[in-house]
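Colleague: Structure provided below as structure tokens; questions to follow.
The values are calculated or read from the model by the stated rules, or taken from the named source; none is laboratory data. This structure is a prediction, so every number in the text was calculated from the model and none was measured. Please note: Cβ atoms are built from the backbone with ideal geometry, for glycine as well, and neighbour counts cover all protein chains shown.
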Amino acid sequence: MTLLIGSLTMGLILALLAFGVLISFRILAFRDLTADGSLTLGGSVAAALLVSGWNPWAATFVAVLSGALAGATTGVLAMKCKINGLLAGILVMTALYSVNLRVMGKSNVPLMESRTILSSAEQLADASTHWRIWIGLWPGQFGYEDVFLPLALDHDMSVIGLVLLMIAAVGVGMVAFFRTNLGLAMRATGDNPDMIRALGVDVDWMTTLGLAIANGLTAFAGALLVQYQGFADVQMGIGMVVLGFASVIIGETLVGSRIVGFLICGAVMGSVLFRLLVAIALRWGLNPNDLKLVTAVFVLAALVTPDLWKAARKQLSPAR
Amino acid sequence: MSKLSTIVRHLAPGLAAIFLAACVLLLSDMPRKPRTESQPSTGNGFGDATPTKKPVRVALLQMASQPILEDGAAGVISALAEHGYVEGQLLTLNRFNAAGDMATANAMAQELSGGRYDLVVTLSTPCLQAMANANKKSGVPHVFGMVSDPSIAGVGIGAGPLDHPPHMVGIGTLPPADRSIEMAREVFPKLSRIGVVWNPAEVNSEIATKAAREMCRKLKIELLEANAENTAAVREAAASLIDRQVEALWVGGDVTVLGAIDVVIKAARQAKIPVFTCIPGNKGTLFDLGANYYEVGRTVGLLASKVLDGEAINKLSWERAVPPKLFVNKLALEHISRDWSFPQKLVAAADVVIDAQGVHEKPRAAVPAKSTANAAPAKKWKLRLLAYVNSVETEESEQGLLAGLKDAGLLPDRDFEWKVANAQGDIATLQSLVDSALGEQADMLLTISTQTLQAASRRSKQTPVVFTMVANPFTTGAATSETEHLPNVTGAYGAQDSEGMMPILKQVIPNAKRYGTLFSPTEVNSVSNHQVLEAAIKKTGVPLVSIGVSTSAEVPDATQSLCSQEIDAICLTNSNLAISSFPSVALPAKRSKIPIFGFAGSMSKQGAVVVLARDYFDMGHSAGGIAARVIRGELPASIPLSPVKKNRLFVNLDAARECGVAIPPELVKAADVVIGK
């Protein structure tokens, strides 16, 4: 149960990263590698502020802004300085490594004692214990203390509840945003920049804004991740873009549609499913050295399955 | 309508897949109850259960997860096992913990009185009261313990030994308040004025305070009292006592004050007076004379086994038992202005002595006589080794851990199940690894590297965590000093011996003008190693040039630039990077004829002139020893973090000749390993 809740929470937190990757890779068609750095940036800014006693919500907000700034920098480098997009991302990501060290002052900041967004959710759960007893749901009532509503899980439950709420809010916000004129222009920028330029939209500005939003979301993921795991580490962002992209791909396969709303739902589902599959692999006692290979196979399966499915359908119903 | 169906059609596969995966995960993660073994194991001395005993179901209700309650619970379980009720064989034990909440305790007691259990054991006064109250009608057999004075708990127990309800019997344990004050007199004969903070709302505290007043009157000590209704008021109350010039602060069995004991100790330290208590196992007090709650638990367990054997409860008598346990903290003497000192006799009688060398604990006297140091533990432990990255150091640590366990007489497969998991550098996977190990109901987590320690200590609140490959555990949030650490976390740490290297540097290069070093700012261990090295070299008066490197690709260039700055030697700060890319340091240094002084054993063969190794194998080895102690029944909370102090000196004469330096013969003699001629 702990493992299930743990991986669901982790999947939901990393869904924010998947949102970021979705915007940059899919909607803007910009191969942005900044995310490896901005995830850590969000984490280290949040950690540094939390340790110095900031309100957790304010700290998280500033972390999001810092990520947006990093994304905007990549955008300016790519669009105004005409640096290849891939290279611009790499440059910013590399620079952020030092920035993150500066922000934290050292390579690793523990948050054991600090109040975080998630610890306030845990406090809420403690407060609700009385209420639970009152309505007659006490632990051990059903005889299977380990399965139904054990008290220790209350904390995990409240944390996952809060994360779910935040993801839902961000998701709804994104769907709403991509329906506005600005959002539509941004989508068109990715689909056909020449066409949208002809309509008088500033493509450079659009791309920069999009990257800022994408990396802000990524930094949000970093800030939550740090508060969930209890420490920030300068190496925590390594390989994260790939992870986010894998979630987006799995999500696309699952929903089978390119409509933005579905893509967003897909990203969440992809991220959650990815973590669940990793957890299953771990739980089944997989040889630890094979872990990365297995995750690669997941993504491969997600890429190939739709085509195989289509081919199989064609074979079965030749009349159509 | 069609829109809705479109949405459903698109989202359904994903949701179904997630649901499926969650079910698979949940199924494979279902806690498996230990199956009854077909044959009782013969090695542990519990095989002599008489055939008349039948399987029983016992519930153990405790108020919270405090160390003393855990000690008591451990005592109950061990005594039950000794009398033939081994968990998983004859005994089905369900544990309930009210997590400190009275309403929960009442709800649990209600459930336990439903008749599903042959016996209910309660630990602590509130649990006794809750259970007695819920159990009035049903009369399920009930054995209580860890209660100061059952006769005033209002549950129908009177003064006489047989004066109790026919379904209820147990053990009362008054904290030895009077004796602890007597002992303070022994430690400081001039003692004339002590202060106590207590909460008048607590029955136990009142009893203890009354006993203390009595004893103080007898010894002609003035007892100043200050009341604190809640934890927040403790600081002020203690300060008021200190203002009134008390010579020491005493804490009775007062849960409110014990909850804020750190505040009391801090205030006392500022005033340079000691704190002593009659509850065992506080950190930073001068001495604690309390009841040995493990022994109390064993007495309760003995009583419980009698009830399970079928003895009539109304014929059994309730007793008072106070097996003493004395904690003596010599370190706390440093914080006291007046001349308190422990008589030799007292130290010899102490169960736990804390001094500059660490914590010395007498072994538990009640361990069955058969178990010698090399005996197999009572059960097969599930050990889970967790690591963050794949590297040479990780592998060395792993080998060290296994060797440490083996040297302590524990063998894989026989005594413990060994499983390794590695996050392969992915931080999200690291969390899942910890969750997965906890979900498998691992008995202990062994962690390699700082990040793994942090992830494990965050997620695991009960399961013991033993760490290694950590340079400085005090910056990880898991510990503040060697004895003050999270109750379930302990382990071995070690940093390079920078101080020890200084005389060697001086011996080999007597007239050095400048030293150089490389370090890795992204590694926690390397940063703290570098700080210590910098301080040590500063003391010698020789300037140090430091260059930070983050990736192995930067190492050759950084070394080149270091060598061009007219240095006489490279004293290489230890880091994972330095170890894995050492050849890239050795080659440029060799070309410039600059000797390298290193801190990892593997560097010696690769061309370092002198290596003072305190390596990951040694660290893993001592962590393995700690893990073995936990397996044998010690609580991680009482095992201090252990720094690895052993060094191994390697000298490479070939490399020295190539760089044109001479290694003095006495150093060669002192070396553990000499390479070349």
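Colleague: So for segment A:256-275 (the condition being at pLDDT below 90, under 18 Å from the mean Cα position of the chain (by Cα) and within 8 Å of chain B (Cβ to nearest Cβ)), does at least one residue qualify?
Modeller: Checked segment A:256-275: at least one residue is at pLDDT below 90, under 18 Å from the mean Cα position of the chain (by Cα) and within 8 Å of chain B (Cβ to nearest Cβ).
Colleague: Would you call residue A:282 of a type outside the set (D, E, K, R) and more than 11 Å from every other protein chain (Cβ to nearest Cβ)? Break it down into steps so the answer makes sense when it comes.
Modeller: Numbers: of a type outside the set (D, E, K, R): yes; more than 11 Å from every other protein chain (Cβ to nearest Cβ): no.
Criteria not met by residue A:282.
Colleague: Tally up the residues in segment B:413-452 that are under 22 Å from the mean Cα position of the chain (by Cα), of a type in the set (S, T, N, Q) and facing chain A (nearest Cβ under 7 Å), please.
Modeller: 4
Colleague: For segment A:251-261, check the following and say yes or no: at least one residue is buried (at least 23 other Cβ atoms within 10 Å of the Cβ) and touching a strand residue (DSSP E or B) at 6+ places or on another chain (Cβ under 8 Å).
Modeller: Within segment A:251-261, none of the residues are buried (at least 23 other Cβ atoms within 10 Å of the Cβ) and touching a strand residue (DSSP E or B) at 6+ places or on another chain (Cβ under 8 Å).
Colleague: Hey, another quick one. Can you tell me which of (1) farther than 15 Å from residue B:187 by Cα; (2) at pLDDT 80 or above; (3) among the β-branched types (Val, Ile, Thr) is the one residue B:359 doesn't meet?
Modeller: Result: residue B:359 fails condition (2) only.
Colleague: Specify the residue that is nearest to residue A:86 (Cα to Cα); the eligible residues are those in segment A:21-68 that are aromatic (Phe, Trp, Tyr) and touching a residue at least 40 places away in the same chain (Cβ under 8 Å). Steps first, answer last, please.
Modeller: Going residue by residue through segment A:21-68, those that are aromatic (Phe, Trp, Tyr) are A:25, A:30, A:54, A:57, A:61.
Pick out the ones that are also touching a residue at least 40 places away in the same chain (Cβ under 8 Å) and you get A:25, A:30, A:57.
Values: A:25: 11, A:30: 8, A:57: 33 Å.
That would be A:30.
Colleague: Select, from B:303, B:316, the only residue that is buried (at least 22 other Cβ atoms within 10 Å of the Cβ), touching a residue at least 40 places away in the same chain (Cβ under 8 Å) and farther than 18 Å from residue B:252 by Cα. Lay out the reasoning, then the answer.
Modeller: On the way: B:316 fails: buried (at least 22 other Cβ atoms within 10 Å of the Cβ).
Checking each option against the conditions leaves just B:303.
Colleague: Name the residue that is surrounded by the most Cβ atoms within 10 Å (Cβ to Cβ), counting only residues in segment B:622-677 that are more than 21 Å from residue B:570 (Cβ to Cβ), at pLDDT 85 or above and of a type in the set (D, E, K, R).
Modeller: B:629
Colleague: Follow-up question, since we're still on this one. Please tell me if residue A:164 is within 14 Å of chain B (Cβ to nearest Cβ) and modelled with pLDDT of 90 or more. Spell out how you get there, then give the answer.
Modeller: Details: within 14 Å of chain B (Cβ to nearest Cβ): yes; modelled with pLDDT of 90 or more: yes.
Taking the combined requirement at face value, the residue satisfies it.
Colleague: Select from segment B:334-359 the residues that are small (Gly, Ala, Ser) and surrounded by fewer than 11 Cβ atoms within 10 Å (Cβ to Cβ) and list them in ascending order.
Modeller: Just the residues of segment B:334-359 that are small (Gly, Ala, Ser), to begin with: B:337, B:341, B:348-350, B:356, B:358.
Result: B:337, B:348, B:356.
Colleague: Which of the following residues is at pLDDT 85 or above, charged (D, E, K, R) and in the same structural domain as residue B:670 (by TED's automatic domain parsing): B:557, B:568? Lay out the reasoning, then the answer.
Modeller: Working: B:557 fails: at pLDDT 85 or above.
Selected residue: B:568, the only one of B:557, B:568 that is at pLDDT 85 or above, charged (D, E, K, R) and in the same structural domain as residue B:670 (by TED's automatic domain parsing).
Quick grid of which residues meet (1) touching a helix residue (DSSP H, G or I) at 6+ places or on another chain (Cβ under 8 Å); (2) among the small types (Gly, Ala, Ser); (3) assigned to a loop (DSSP other than H, G, I, E, B); (4) not assigned by TED's automatic domain parsing to the domain that holds residue B:634:
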{"site": "B:327", "(1), (2), (3), (4)": "no, no, no, yes"}
{"site": "B:334", "(1), (2), (3), (4)": "no, no, no, yes"}
{"site": "B:337", "(1), (2), (3), (4)": "no, yes, yes, yes"}
{"site": "B:342", "(1), (2), (3), (4)": "yes, no, yes, yes"}
{"site": "B:345", "(1), (2), (3), (4)": "no, no, no, yes"}
{"site": "B:348", "(1), (2), (3), (4)": "no, yes, no, yes"}
{"site": "B:353", "(1), (2), (3), (4)": "yes, no, no, yes"}
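Yes/no matrix, rows are residues, columns are (1) surrounded by fewer than 24 Cβ atoms within 10 Å (Cβ to Cβ); (2) in the same structural domain as residue B:334 (by TED's automatic domain parsing); (3) acidic (Asp, Glu); (4) within 23 Å of the chain's Cα centre (by Cα):
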residue	(1), (2), (3), (4)
B:233	yes, yes, no, no
B:240	yes, yes, no, no
B:254	no, yes, yes, no
B:263	yes, yes, no, yes
B:273	yes, yes, no, no
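Colleague: Any chance segment A:73-83 includes a residue that's touching a strand residue (DSSP E or B) at 6+ places or on another chain (Cβ under 9 Å) and among the polar types (S, T, N, Q)? I'd like the intermediate steps shown before the answer.
Modeller: At the first step, the residues of segment A:73-83 found to be touching a strand residue (DSSP E or B) at 6+ places or on another chain (Cβ under 9 Å) are none.
No: segment A:73-83 contains no residue that is touching a strand residue (DSSP E or B) at 6+ places or on another chain (Cβ under 9 Å) and among the polar types (S, T, N, Q).
Colleague: Among the residues of segment B:531-542, is any touching a residue at least 40 places away in the same chain (Cβ under 8 Å) and small (Gly, Ala, Ser)? Quick ask: steps written out before the conclusion?
Modeller: We begin by selecting, within segment B:531-542, every residue touching a residue at least 40 places away in the same chain (Cβ under 8 Å); these are B:533.
Next, only the ones that are small (Gly, Ala, Ser) stay: none.
No, segment B:531-542 has no match at all.
Colleague: Here are some residues: B:226, B:268. Which one is over 26 Å from the mean Cα position of the chain (by Cα), modelled with pLDDT of 85 or more and buried (at least 17 other Cβ atoms within 10 Å of the Cβ)? So that I can check it myself, show each step before the final result.
Modeller: Numbers: B:268 fails: over 26 Å from the mean Cα position of the chain (by Cα).
Going through B:226, B:268 in turn, the sole match is B:226.
Colleague: Taking the condition buried (at least 20 other Cβ atoms within 10 Å of the Cβ) and within 14 Å of another protein chain (Cβ to nearest Cβ), does residue A:32 pass? Quick ask: steps written out before the conclusion?
Modeller: On the way: buried (at least 20 other Cβ atoms within 10 Å of the Cβ): yes; within 14 Å of another protein chain (Cβ to nearest Cβ): no.
Against the criterion (buried (at least 20 other Cβ atoms within 10 Å of the Cβ) and within 14 Å of another protein chain (Cβ to nearest Cβ)), residue A:32 does not qualify.
Colleague: Right, next: Inspect segment B:477-493 for any residue being surrounded by fewer than 21 Cβ atoms within 10 Å (Cβ to Cβ) and more than 14 Å from the chain's Cα centre (by Cα) and give the result as yes or no.
Modeller: Taking segment B:477-493 as the starting set, the residues that turn out to be surrounded by fewer than 21 Cβ atoms within 10 Å (Cβ to Cβ) are B:480-484, B:486-487.
If we keep only those that are more than 14 Å from the chain's Cα centre (by Cα) too, we end up with none.
Scanning segment B:477-493, I find no residue that is surrounded by fewer than 21 Cβ atoms within 10 Å (Cβ to Cβ) and more than 14 Å from the chain's Cα centre (by Cα), so the answer is no.
Colleague: Evaluate the following for residue B:279: is it crowded, with 17+ Cβ neighbours inside 10 Å and farther than 24 Å from residue B:486 by Cβ? Give the steps one after another, and end with the answer.
Modeller: Working: crowded, with 17+ Cβ neighbours inside 10 Å: yes; farther than 24 Å from residue B:486 by Cβ: no.
In short, no.
Colleague: Additional query: Can you name the condition, by its number, that residue B:209 falls short on among (1) polar (S, T, N, Q); (2) farther than 16 Å from residue B:278 by Cα; (3) out of contact with any Pro (no Cβ under 8 Å at 6 or more places or on another chain)?
Modeller: (2)
Colleague: Within the group A:30, A:61, which residue is farther than 19 Å from residue A:185 by Cα and aromatic (Phe, Trp, Tyr)? Give the derivation first.
Modeller: On the way: A:30 fails: farther than 19 Å from residue A:185 by Cα.
Residue meeting the stated conditions: A:61.
Colleague: Tell me whether segment A:42-53 contains one or more residues that are surrounded by fewer than 24 Cβ atoms within 10 Å (Cβ to Cβ) and polar (S, T, N, Q).
Modeller: yes
Colleague: With respect to residue B:656, is the statement that it is part of a loop (DSSP other than H, G, I, E, B) and out of contact with any Lys or Arg (no Cβ under 8 Å at 6 or more places or on another chain) true?
Modeller: Numbers: part of a loop (DSSP other than H, G, I, E, B): no; out of contact with any Lys or Arg (no Cβ under 8 Å at 6 or more places or on another chain): yes.
Taking the combined requirement at face value, the residue does not satisfy it.
Colleague: Applying the selection to segment A:72-92, what residues are under 20 Å from the mean Cα position of the chain (by Cα) and either closer than 14 Å to residue A:222 by Cα or among the hydroxyl-bearing types (Ser, Thr, Tyr) (or both)?
Modeller: A:74, the sole residue that qualifies.
Colleague: Name the one entry in A:232, A:281, A:214 that is buried (at least 19 other Cβ atoms within 10 Å of the Cβ) and either modelled with pLDDT of 90 or more or of a type in the set (Ser, Thr, Tyr) (or both).
Modeller: Numbers: A:232 fails: either modelled with pLDDT of 90 or more or of a type in the set (Ser, Thr, Tyr) (or both); A:281 fails: either modelled with pLDDT of 90 or more or of a type in the set (Ser, Thr, Tyr) (or both).
Of A:232, A:281, A:214, the one residue that is buried (at least 19 other Cβ atoms within 10 Å of the Cβ) and either modelled with pLDDT of 90 or more or of a type in the set (Ser, Thr, Tyr) (or both) is A:214.
Colleague: Looking at the structure I just gave you, is residue B:107 at pLDDT below 85 and out of contact with any Leu (no Cβ under 8 Å at 6 or more places or on another chain)? Please lay out each step first, then the result.
Modeller: On the way: at pLDDT below 85: yes; out of contact with any Leu (no Cβ under 8 Å at 6 or more places or on another chain): yes.
Judged against the criteria, residue B:107 is a match.
Colleague: Here is a list of conditions, (1) over 20 Å from residue B:526 (Cα atoms); (2) touching a helix residue (DSSP H, G or I) at 6+ places or on another chain (Cβ under 7 Å); (3) without any contact (Cβ under 8 Å) to a residue 60 or more places away in the chain; (4) not aromatic (Phe, Trp, Tyr), and residue B:437 meets all of them except one; can you say which number that is?
Modeller: Exception for residue B:437: condition (2).
Colleague: Could you tell me whether any residue of segment B:570-587 is among the hydrophobic types (A, V, I, L, M, F, W, C), assigned to a loop (DSSP other than H, G, I, E, B) and over 35 Å from the mean Cα position of the chain (by Cα)?
Modeller: No: segment B:570-587 contains no residue that is among the hydrophobic types (A, V, I, L, M, F, W, C), assigned to a loop (DSSP other than H, G, I, E, B) and over 35 Å from the mean Cα position of the chain (by Cα).
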